[in-house]
Structures are given as structure tokens and as C-alpha cells.
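**Student:** After the C-alpha cells below, expect a handful of questions from me.
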Amino acid sequence: MANRTRRAHRDAQGATQRVRPGNRAASGNGNLSIILVCFFLSGYAGLLYETAWTRQFAFVFGTSELAVTTVLAGYFGGLTIGAAVAGRWAARIRRPVLVYGVLEAGIALAALAMPLWIRASTGLYVAWFGGRHGSMETGGLTTAVFYLACSFAVLLVPTAMMGATLPLLARYAVSTNEQVGPRVGLLYALNTVGAVLGTVMAAFTFLPALGLTQTIRVGVLINFIVFAAAVAVARRPQPQSPVADRGTAADRSAESMPRGQGLILPMMLISGAVSFTYEVLWTRLLGHILGASVYAFATMLASFLLGIALGAAIASRTARHLAGSLRGFAWVQALSAATSLGAYLLIDLVPDMARGIGAGAGAGLWTNAAVAALILLPGAMCIGSTFPLAVRILARDESDVGRSSARVYAWNTVGAIAGATAAGFVVLPSLKYAGSLSAAVGVNVLLCLAATAMIRPAVRLPMAVCGAVLVTLFALHPDEPWAVLRASALGRRPAGGEITYYAVGRGATVLMTDDGIGWDIRTNGLPEANIRRKGVPPGRVAIQQWQGALPVLARPHAKRMLFVGLGGGVATESVPLSVERIDVVEIEEEVVAANRSVGGERAIDPLADPRVRVIVNDARNALLLAPDRYDIIISQPSHPWTAGASHLYTREFMTLARERLAPDGVLLQWMLLSFVDEALYRSLIATMTDVFAEVEVYAPYPGAVLLLGSNTPLRIWERAAKTIAERPRDFYAAGIVAAEDVLASLELDTPAARRFSGGPLITDDFNLLQLRSRRSEEAAVSSWKMTDATLAGADPALATEATSRRSYLVARILTRSNVGRARRVADAATGADRLVLAGQIHAWEGRLAEAAGAYHEALEAAPESRAARFGLIRAGAADYLRGDSRLAALAAEAPDPERAVFEGWKLTLAKQWTSLEALEERLAAATVTDDWHADAQRLRARWRVQSGDAHRAREAAAIIDTFAARFGTAEDYQLRAEAFEAAGEPLGVLGSLHEAAMLLRATAANGPAAVRNLELLKRLPGELATSEAARRAREKLESVAAARR
């Protein structure tokens, strides 16, 4: 025994002579400073790579939670293996700085080769899974194993080299036992600060300015700079690194070793799992407030990493001794529980605060960072503190620092993988936010108790904090953060109405609220769709119905259709019956479940349609594996700046869609204009014209456009008349009754689209929509204001053979307020037709005297012109009703149904409803494209409303619907509300009043109508009167009524 003690003492003296702290510090501080800077840059480059590689893998596997999680697991798995291997060999490596430099060069070379490996993964993926029945839907065990194996194999080399760097540099930087905690903590903190800067620079600078490929090359350049610096340091004279010597432990310290010291490893594994559970939870919740853009994610990640860096830096100053580090670890767990619970209890205050300071999807870095830091920073600081404390607890002395730091890092990273995976797939979907938070806090408390059990004498204050946390948790029993879940990052009003469906899905939080007339669906706080309930009449905007109808007009023989995105299923509802199969790809299963939950209460349940098959997958991934070709693909993602949707607007996606189309197939791309300016709009069209030979753009309603691409001619208006005549019911819901409806909505034909297109293409590498699109719902510029000058030179509407019903065409163009195009159509006409169209435009502008003059001149030139006669009498309707003899004579000469309309006006004024009913057959003779059609239908509806018969009143509402989608006014929707009231259908009343309110402008002339509508609202039954839709309508109507005062 004595011999062993003397031998240990001699070994300790030898070790002290080999590494004298004073000599090492004198010769190595300059080198150490360089290495610290290098490690900062390593963290910077590492986050550039993580950002870029995650996106590149998404192009192959998609953006589903399964795909993203398995790629991140592969990334962190490589880090774990690298750290574990380095930990085993660190003590034997005599020149750790040189090896570190070589590893950095290896990372750079692996990064340059990454595109080749990802392309190989794509080929292998398609070869293994593609082209088989049912292959479009992923999510099974086989898919998960493939994703994990493939991402692990591709990422193993660079990430393992990244993971090996910390143990190597820890071995180099630590020369005394007291430096174990401080130096390891300093390395960890600086590397994480570099990661913070890399995250911010990637999102806010490199990706917008350079694109994905060049961003990776920035990381490569940094790696080579670090390699050069490390080699330079390694070539300088180096003090000998400490050699593992078990004899030194005898004289290191009088401090006693804690019991169960090795338990710190499983504790760090559990701590890593809890930490990433918090990270997933807070990121999901903050997404409702800050949005799901690349900038918002970067801001949240940077805030989280900054907290980790600060925590590591603070803890490194105290992690000098074992007992103190154990006490610190216990305190960190207690504070993590307390700060996390506190943040959760206060988070419902954050949406109002965020709106107050202007935070949200469209805000800048610092504004959103303030919100993110408020929630993320305290808990993240606790998380970051654990690493240097754990290394100090585990390491015997400075000679063991490389191995100990590697083991702590590996165990903690494995825990992080498990925590992130379990949180996204199991914990949050099962326990939701309140339950998940409570469970994570409970685990923090258990870790604190485990740490305090290892300390002698015991410390009681952290246990007291944990006790207070548990008492608070059980006393307050936190609920779901409803204010956050109702919030929207777009700055709109929080979702109102009763919550009828709520679920935390694998990739998104789905909230559905009942506003009285239907249901609003939001995912992660972003509006996705509105579903009308049974008994509520159709709204005034039928853009979703156009999505299903327009491509069928382009390809009447189409049998197979694919929708990208389910939303509320409204577009799917109205797909013509000639289409035999409808596949719908939806990335979030809970969106499908939300639709199913109201299937029996909605007017049409698309999921009950036997033609519909729902595929839960990312759209690109599904198309990559699709075994069949489609006649029509309709892509309708809602928010082009979000991670899950932005890759569905790129050239690569459009090319993939083209490859999955039949030879004459059509891609329809929907775009909401509030998210794009003219430059982005031109780039989007340029991208489409780059992929497809034929491109046409339609805008049937303000605010959104429909882009159609095909490799065979489109010119939909030319074949629309025949198809509509053969199958009128297929297109009725969209308000398409004539070819002129299509021609009026045309923004760009193929030649004009090519002239209008310009700017850089939208690609996977440089996704302009993701990086530059507006992330707010500000009022959009009407699309025709951007495109009209381009179309004007060769507008198909100006061709003499384009239409024989120019007055109907002009009327439809004017519903979009495009007076310039209407005038061009009028100028292309000749003789009396030209004068009639001029009068029509004057009347729409409210210049009734000029309109009457034009109609009068047209009637003189062509006395038989029915349009001129009707227009003249309508422009002078007030005089006609007062008994103007000239107009009365003209009216008496008119044929039916115009003459019946004129008579009906007088009978309505006199309230002679029975006499008006007698005109029914004559009024019903008006055809849908007649100038007097809408007036005739209003009269037909009016007498039915006044009849007092419920059945007649329902007929009145149906009659109004025949023209409301095309020419409906606030007065028409008020009449429809009166019809539903007479029929005893309050849902129809509320739906109609809501439409009327949205159409009324706050002018003195509209004041009486607003008052009348408010009276109708007051007569609604209790639940409907207090519904969200009623509140919106009442708020708008009251503002209009106030304008007359």
C-alpha cells in the first residue's frame, strides 16, 4: 500500500513538472485566443450548414414533421458519434489543434460534396418507394427508417467531424484541474455564440443575397480559414498537453468525490430530452405570434441559442469544483422548472404585447427578437448552464477533460434527439401544450432532487424552489394558452367564435372556430379556410370554386385531378362530375380530422365524395413518388413565405408537376396577391413560363390570381362556350355561365405573360417568395393594375370574333373595376354597339347624364337596339318612375322581358305585389347574359319575399343566387336576408347580412341601408345574434350608419 502511495506521489510530481500552469499560460495564451476565435467560427459555419442541409433534404423528403425530425436526428446523431469517438482517442492525440484543423478542412470538403450525395439519395428514394400503388402516402415505419438511415449516412462524415472538435479543443485548452469547468464552458459558449450569429446571418443576409448554394460556400470558406489558422497555431512551439495519469488523483484535492458521480450522464440525457421538449413547445407557440417564415424561425432559434451561450458562460465561471458544480446543477434544474412555468403562465399576455410593439410575421429582427427572448431566454440560460457543470462533475481532472466532455456531449445530444422526436410525435399531440409543459416541469423537479441527493451536506433551497413550483402547478392547473392559439402572426384580429376543434398535430397546431355561419380553420395561427355550414347561402366570392372549374374548362376530358392542400375542402366541393378521381395531398393529418368533424353539418362534405382520396404527405414528396399521371394538378398553398409552402412555388416544383401531368395536362397555381409585389409577381410568372410552353393568368375576383400552365395550347375562352352549354351545372357554383365570364377574368394570355414576366426565377436555391414576399395582409394592388398595360396591346377580348355579347363582357370586366380595359373593348366595337358600351361604362361610373346621351345617340343610330333602349331607360330610371313621357313611350315599345322589367319597377314602387307576380313568366324569359337579367331576377325575388309564403321566400333566395356571384350588390344581399327571414331560416339571414355588410362602404348614401340591416340583425335568435359573424357584421354596419350623421 505504501509503495503504491509513493509511486502515485512521484507520478503526480512528474505530471506537475510536465505541465506547469504558469509556463503553459505564458506560452499558450496567445494560441488559445486564436483557437477560441476559430471555435467561434466553427459554430458560425455549423449553423450555416444545418440551415442549408435541412432545406436541401426537404426538397427530397418533404417538409413533413417525420422528414424534418429524421433529418435532424441524423444530423445530431453524427455529432454524437463524432464526440464519442473523439472522447475515446483524445487522450492519445498529441497535437489536438492540428487534428482540429484537419477536421475543419474535412467538413468543408464534405459540404462541397453534399449536393452529390443528396441527389443520390433522391434517386435511391424514388427507386425504392416510387411508382407503386399507395406510395404517395408516407409516414410508416419503413419510410421513417429510410429517412433516418439515408440522412444519417449522408450527414455522418461532416457532422461526426463537427462533433469531434469540442473534445479535442477541450483537451488542448485545459491545463489544470480548476480550468475544467471554466475552459470547457468558455469553448461551449463561444461556439454557441458563433451558432447564434450564423443563424441570423444565414436567414437575414446570406440566403436573401446569395441563395442556398452560395451560403454553403460561405461556410466552406470559413472552414478553410479555420483550417489555416489551426495549422499555423499547431506549427508554433506547444507546451506539452496533460497526459492521462491516474496517480494524480491522489493529490488533486481534498474535496471528496460525490456519490454516484457517473449518474450525471443519464441525468444529462434526460436534461437534453426535456430541453428540446421545451424548444419544440416554445417554437410552436411563438409561431402563432411571430409567424412561420425563415426569419421568424431564425429569430427564435437565435434567441434559444443565445440563452444557451449565456448560461454556459455564466456557469463556466462557477464550475470549478465538484460539489459546487453539483449544487449548480440542482439550482439550474429548479430554475428551469420555475422559469418555464412562469413563462407559460404569462404567455397569454404576449400576443397583445407583440401587437403593441409591432411584432409579427412582417416585423424585423429586433422587434421579434424581443418577444422571442422574453419567452426563450430564461429557460435557455438554464439549459446552457448544464453542460460545463456536468463536465466538471464527471471529469476526474484535467487529463480526463476530453473524454468527459465528449461523453457529456454525446449523452446530452442523444437526449436532445429523443426529446425533439418524442415532443413532435408523441408528447405534444397527446398532452397538448399544458400537459407537455407540466410533464417537462415535473422532470426538471426530479432532476433537481436527484442532484441534491448526490450532495453532502444536502442543500435545501433548490428543493424549496421545486416545492413552490409544484404547489403553483397543482394550484393553478395551467390551461391551454388560448389567447396565443387564437392569435395570428399576420396582425389580424384574434380568431373569434367558439372553438369546435383543437389539436396539436405533428407539424402544426390546428384550431377551428365557429363564427355562426361556418367554421374558420387556422394552422399555427394562420388562416387556411372558411367552411360554410348547411343552410348558409354561398358567399359573394367564389375564387375557390373557380379553382376546380377553370382547368376543367381548359381540358373538358380531364378524368384525374390532384389538389395540393385540403384547407377547408371548398375547392374540392365544386369539382365537375366529369372528373372521376380526385387526390388531395395534405401535409397535416389534423386538418383532415378538423374537416371530418363538421362533415355532417356543412353544405357539401368533400370527404364523403367517393372520388376523393386524401394523401397525408408533403406535396413534393407525394409527386416525387406518384405512380400515375394527372390531367389537372391544382396547387393552393395559402402562405408562400412559410417553410411548408414556399417550396411549392419554385421552378423545381413546377417541373416536377409537369412531369406528373398527362401530355396535355394543366397545372393551376393559386396566389394571394397580398403577399407579393409587382417584382415578385413578375418573377412568379417568369418561373411558370420557363417551365410551361403555355401560360395564362386569370383573376375572377380581386385579391387572388389563378395561373395556368400547360405544354399544349390553352385559350380557355375559345372552347368554354361549348363546354358550358353541355354541362352548365358543373360551372354554376363558380358563377361561370358564359365564355365571357372567362374572357373578362383573363389577365394575361401566353404572349402577354411572356412579355410581362421578368426578374430572377424562383428556384429552390434562391426562393424569392420565401425570402421577399410580404408577410402581412395589407391591401393588395389589383392584379390588373400591374398587368393591364401588357395585355392591352393584343387583348383577345378586342378581337371581333371573341364575343357577340360585348355588353355582357364589359359588364363582367367592370365588376373588377378595370375601366380601361372596358373602354378598349368599347373602342373596338363600331357604330351603335360602341355607343351602347360607352353608355354602359358611364353608367357604371355614376355619370348618368353622359350615359343617357350615349344611349340616346346609339338608339338614333340603331332604333332596333334593345340594349340601347334598356340602357337609356335604366340611366333615367328616376325620371321614368316620375312619369317622363318620352321614356314611358320608349318602354311601351320595348319587347319582353325588358318591358316586363320596366313595368315591374313601377309596380314595386307602388308595392303592388300581386300585379308584380303576374309578370313572372315574362320576367323569367331573361337569359343570363342579357343586360336586364339581374333586374328581372330582382323583381322575381321581390314579389316572392312580399308574398309571406315560406316556400316562395326560399325560391326568392335561390333566384338571387343565380346572379349574385357575378353582379350581386349590398342591396341584393339585403333582399336575400329578407327572403330567408320570411322563410324562417335565420342562418340564411345572418349569412346574407354578413355579405351585405362587407359590401357596404361608409358613405352617407349607404346609411339607410345599414340601419335596415342592423334592424334585421337585431331580430336574429340569441345564439346567432351573439355569434362572431354577427359581431363582424354589426361592427361594419354601425360604422356605415355613423357615416350618414
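**Student:** Past 31 Å, Cα to Cα: identify those pairs from Lys785/Lys1018; Lys785/Lys1036; Lys534/Lys1036, in the order given.
**Tutor:** Working: Lys785/Lys1018 40 Å; Lys785/Lys1036 28 Å; Lys534/Lys1036 25 Å.
From Lys785/Lys1018; Lys785/Lys1036; Lys534/Lys1036, over 31 Å: Lys785/Lys1018.
**Student:** When the Kirkwood radius is taken over all Cα pairs of segment 399-496, what Stokes-Einstein diffusion coefficient follows at 20 °C and 1.002 mPa s, in µm²/s?
**Tutor:** On the way: Rh = 16.8 Å.
Estimated via Stokes-Einstein, D reaches 127 µm²/s.
**Student:** Skipping prolines and chain starts, which residues have an amide H placed within reach, meaning under 5 Å, of the one on Tyr501, given they are 5 or more residues away or on another chain?
**Tutor:** Result for Tyr501 returns Met512.
**Student:** Taking 2.2 N^0.38 Å as the expected size of a compact globular protein, what ratio does the Cα radius of gyration of segment 412-462 give against it, to two decimals? Could you put the intermediate results ahead of the total?
**Tutor:** On the way: Rg = 14.1 Å, N = 51, 2.2 N^0.38 = 9.8 Å.
Compared with the compact-globule rule of thumb, segment 412-462 sits at 1.44.
**Student:** Out of every Cα pair in segment 27-242, what percent are spaced more than 32 Å from each other? Write out the running numbers ahead of the final one.
**Tutor:** Working: 5485 of 23220 pairs.
That fraction is 24 percent.
**Student:** Normalized C-alpha radius of gyration of segment 752-878, against 2.2 N^0.38 Å?
**Tutor:** On the way: Rg = 19.4 Å, N = 127, 2.2 N^0.38 = 13.9 Å.
Working it through for segment 752-878, the quotient is 1.40.
**Student:** While we're looking at this one, here's another question. Let me understand segment 980-1045 better: what is its radius of gyration from the alpha carbons, and its Dmax, in angstrom?
**Tutor:** 11.2, 34
**Student:** Nearest 10 degrees is fine. How inclined is helix 428-453 to the longest principal axis of the chain, computing both from alpha carbons?
**Tutor:** Taking Cα atoms only, the helix is inclined about 20 degrees.
**Student:** Of the listed values (i) 55, 39, 26; (ii) 69, 30, 22; (iii) 88, 58, 19, grab the one calculated as semi-axes √(5λ) of the Cα gyration tensor in Å from the structure here.
**Tutor:** Only one listed value fits the structure, namely (ii).
**Student:** Rounded to the nearest 20 Debye, what is the dipole magnitude of segment 969-1045 about its Cα centre when Lys and Arg each give +1 and Asp and Glu each give -1 at the C-beta? Can you show the working numbers first?
**Tutor:** Details: 11 positive and 11 negative charges, 77 e Å.
Magnitude of the dipole: close to 380 debye.
**Student:** Assuming 0.890 mPa s and 25 °C, estimate D for segment 542-794 with Stokes-Einstein, Rh taken as the Kirkwood radius over Cα pairs, in µm²/s. Mind showing how you got there, number by number?
**Tutor:** On the way: Rh = 18.1 Å.
In µm²/s, the coefficient rounds to 135.
**Student:** Cα axis of helix 65-89 to longest principal axis of the chain: angle in degrees, 0 to 90, nearest 10?
**Tutor:** 10
**Student:** In addition: Which residue, chosen from Ala549, Ala720, Gly703, occupies the Cα position most advanced towards the positive end of the dipole of segment 542-794, where the dipole is computed from +1 (Lys, Arg) and -1 (Asp, Glu) charges on Cβ about the Cα centre?
**Tutor:** The residue sitting most towards the positive pole is Ala720.
**Student:** Under unit Cβ charges (Lys, Arg +1; Asp, Glu -1), what dipole magnitude, rounded to 20 debye, does segment 639-729 have relative to its Cα centre? If you can, show how the numbers build up before the last one.
**Tutor:** Working: 9 positive and 10 negative charges, 68 e Å.
Computed charge dipole of segment 639-729: roughly 320 debye.
**Student:** Taking +1 at the Cβ of each Lys and Arg and -1 at the Cβ of each Asp and Glu, which of Phe204, Pro610, Ala789 sits farthest along the dipole of the chain towards its positive end, judged by Cα position relative to the Cα centre?
**Tutor:** Phe204
**Student:** Continuing with this model, one more query. Let me have the relative contact order for segment 542-794, percent, based on Cα pairs under 8 Å that are six or more residues apart.
**Tutor:** On the way: 501 pairs, mean separation 55.6, N = 253.
The normalised contact order for segment 542-794 reaches 22 percent.
**Student:** Give me the percent of DSSP beta bridges within the chain that run antiparallel, rounded to the nearest 5.
**Tutor:** Working: 33 of 52 bridges.
Counting only bridges with both partners in the chain, antiparallel ones make up about 65 percent.
**Student:** Can you put Ser399, Ser817, Ser947 in order of Cβ neighbours within 10 angstrom, beginning with the fewest? Provide the component values of the computation, followed by the final result.
**Tutor:** Numbers: Ser399 26, Ser817 14, Ser947 18.
Going from least to most buried by this count: Ser817, Ser947, Ser399.
**Student:** Moving on to the next point. Roughly what angle does helix 970-983 make with the longest principal axis of the chain, taking Cα atoms, 0 to 90 degrees, to the nearest 10?
**Tutor:** 90
**Student:** Counting other C-beta atoms within 10 Å, which of Phe675, Phe61 has the fewest, and how do the rest follow?
**Tutor:** Phe675, Phe61
**Student:** Got a sec to turn the phi values of segment 546-556 into Karplus ³J(HN,Hα) couplings, 6.51 cos²θ - 1.76 cosθ + 1.60 with θ = phi - 60°, whole Hz, x for Gly and Pro?
**Tutor:** Per residue, the Karplus-derived 3J(HN,Hα) values read 5, 4, x, 8, 4, x, 6, 5, 6, 9, x Hz.
**Student:** To the nearest µm²/s, what D does Stokes-Einstein give for segment 260-494 at 10 °C and 1.306 mPa s, using the Kirkwood radius over alpha carbon pairs as Rh?
**Tutor:** Numbers: Rh = 18.1 Å.
Answer from the Stokes-Einstein relation: 88 µm²/s.
**Student:** Another question about this same structure. Can you return the aspartates and glutamates within cross-link range of Lys722? Criterion is Cα-Cα under 18 Å, with same-chain partners fewer than 8 residues away left out.
**Tutor:** Filter leaves Asp730, Glu740, Asp741, Glu801.
**Student:** Find the relative contact order for the chain and round it to a whole percent, using C-alpha pairs within less than 8 Å whose residues are 6+ positions apart.
**Tutor:** In percent, rounded to a whole number, it is 10.
**Student:** Work out the length of the dipole vector of the chain about its Cα centre, built from +1 on the beta-carbon of each Lys and Arg and -1 on the beta-carbon of each Asp and Glu, and round it to the nearest 20 debye. Before the final figure, lay out the partial values.
**Tutor:** Values: 104 positive and 90 negative charges, 968 e Å.
Using only the charged Cβ atoms, the result is roughly 4660 debye.
**Student:** Then there is this: How long are the three semi-axes of the equivalent ellipsoid for segment 456-572, computed from the Cα gyration tensor as the root of 5 times each eigenvalue, in whole Å, largest first? It would help to have the intermediate numbers written out before the result.
**Tutor:** Values: eigenvalues 440, 62, 23 Å².
In descending order, the three semi-axes are 47, 18, 11 Å.
**Student:** State the extension gain, in nm to one decimal, for the chain segment bounded by Thr213 and Ser915, taking 0.36 nm per residue of separation less the distance between their alpha-carbons. Let's see the in-between values first.
**Tutor:** Values: separation 702, 0.36 × 702 = 252.72 nm, distance 7.59 nm.
Contour length minus the Cα-Cα distance gives 245.1 nm.
**Student:** When Phe76, Phe563, Phe129 are ordered from fewest to most other Cβ atoms inside 10 Å of their Cβ, what list results?
**Tutor:** Result, fewest neighbours first: Phe129, Phe76, Phe563.
**Student:** OK, next. Residue separation times 0.36 nm, minus the C-alpha to C-alpha distance between Val231 and Ser885: what's the value? Numbers along the way, then the final one.
**Tutor:** On the way: separation 654, 0.36 × 654 = 235.44 nm, distance 10.32 nm.
Using 0.36 nm per residue and subtracting the Cα-Cα distance, I get 225.1 nm.
Values in this text are rule-based calculations from the coordinates and carry no lab data. Here the structure is a predicted model, which is why all the values come from computation and not from measurement. Glycine also receives a Cβ, built like all others from the backbone with ideal geometry; neighbour counts cover every protein chain displayed.
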